[in-house]
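The values are calculated or read from the model by the stated rules, or taken from the named source; none is laboratory data. Just so it is clear, the model here is predicted, and its values are computed rather than measured. No Cβ is skipped: glycine too gets one built from the backbone with ideal geometry, and neighbour counts run over all protein chains shown.
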Amino acid sequence: MAEEYKKDLRDKMQKFMQDKEKEFQKKQEEFVRREKEFRTTMEESLRKSIGTDFENQLRLLENANRENEEKLKVSRQRELEFLKKEQALANKEVELELSLQKHLQEARNVLSKDIHEQEQQKFAVKETDYELRLKELQKQLDDQKKLAEEMKRKAEQGSMQLQGEVQELALEELLRTTFPFDQIAEVGKGVRGADCIQTVRNKFGQECGKIIYESKRTQSFSQDWVEKLKADMRSQGAMVAVIVTQTMPKDLERFGEINGVWVCSFAEVKALAYILRDRIIRVFDAAKSQENKGDKMQLLYDYLTGTEFSEQWKAIREGFLAMKHSIQKERDTMERLWKAREKQLEKVLLNAAHVRGSIEGIAGKDAIDVPLLEDSDDDLLEE
């Protein structure tokens with residue numbers, strides 16, 4: 001039974017397999033058939049679509065071609081019309097140019113005549129105006145030259161003033177650094193006096209005297225600086241005066257004394273200040289030691305032999321000499337003027353005598369009375 005059952009099961013299995021294979025075969029054939037139909041349908045559809053698109057594109061191209069041809073015709077027509085108008089304008093322009101040239105030539109002829117007449121009338125005036133203008137330009141040129149020279153002079157003066165101020169500041173800084181216990185005072189601008197005043201103090205803080213400094217930074221040395229600084233020294237009550245200059249005097253190669261004023265360069269001022277300061281302190285100490293040992297005669301002697309009296313007396317003497325020189329100069333001027341007038345008067349009197357003699361020679365006894373001066377002066381004229 002088992003064998004029969006297995007055999008029956010195998011037969012059923014084979015039949016089932018055969019049925020399934022036949023069913024699969026049918027489905028596969030159906031699938032192939034449908035695929036062929038689909039492909040055929042798609043090919044026909046594509047052919048129809050491509051054909052329709054091609055026809056549409058062809059139709060569009062033909063329409064565009066027709067429109068382009070029409071536009072080209074219109075454009076050519078417009079270009080032809082433009083060329084015709086351009087030619088017409090060119091012809092009109094030539095005619096207008098010819099007409100304009102004729103009118104211009106006529107106007108030139110008329111204008112040339114008028115200008116020629118006006119030029120002949122204005123030639124003398126223009127020549128005068130030209131000369132006046134030339135003189136005016138020459139004057140402007142001279143004024144500009146003067147202005148340029150003045151500006152140059154002011155610029156140089158400003159530069160020299162700035163350089164002088166820089167040296168003044170450097171001098172004050174040098175003195176303050178070198179002598180910290182002394183008083184270094186700056187003289188303000190516009191105030192008569194030196195640029196810097198050093199009040200010398202000894203080790204006890206006592207004021208021993210003053211040194212005044214004048215700073216100069218110019219290209220040449222002036223002797224007037226010496227007299228001015230001496231006057232400043234007297235007005236400030238200083239004992240010593242020093243000129244610190246960039247350009248030394250011709251007769252001094254190194255620092256030295258000129259008429260009671262010391263002159264040195266900026267490089268020498270420090271050493272010179274040491275020497276002068278030491279001398280002032282020594283004089284002060286000597287005077288201090290004799291303070292209570294003398295009487296009025298000793299004080300008077302000290303005053304007469306001191307620097308202050310000497311400088312004051314020099315100032316009086318210099319003022320007297322200046323006054324005497326001024327009086328002598330005025331006297332010489334007046335004498336020259338009197339001499340010149342005397343010569344003129346002699347010339348007038350001589351000519352008057354000749355005229356009077358000529359009149360008397362012509363009139364004889366009937367001489368005409370022509371007194372030129374008083375009777376006493378007429379006697380001189382007769383002589």
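List of remarks:
- Hey, residue 252 modelled with pLDDT of 85 or more and either among the small types (Gly, Ala, Ser) or closer than 26 Å to residue 167 by Cα (or both) or not: no
- Restricting 336, 277 to residues that are modelled with pLDDT of 80 or more, loosely packed, with under 12 Cβ neighbours inside 10 Å and basic (Lys, Arg) narrows the list to 336.
- Residue among 226, 283, 244, 263 that is in contact with a Gly (Cβ under 9 Å, 6 or more places away or on another chain), farther than 25 Å from residue 317 by Cα and not assigned by TED's automatic domain parsing to the domain that holds residue 312: 283
- Taking strands (runs of 3 or more DSSP E) as the structural unit, those lying wholly within the range 222-287 and holding at least 1 residues that are hydroxyl-bearing (Ser, Thr, Tyr) correspond to 240-245.
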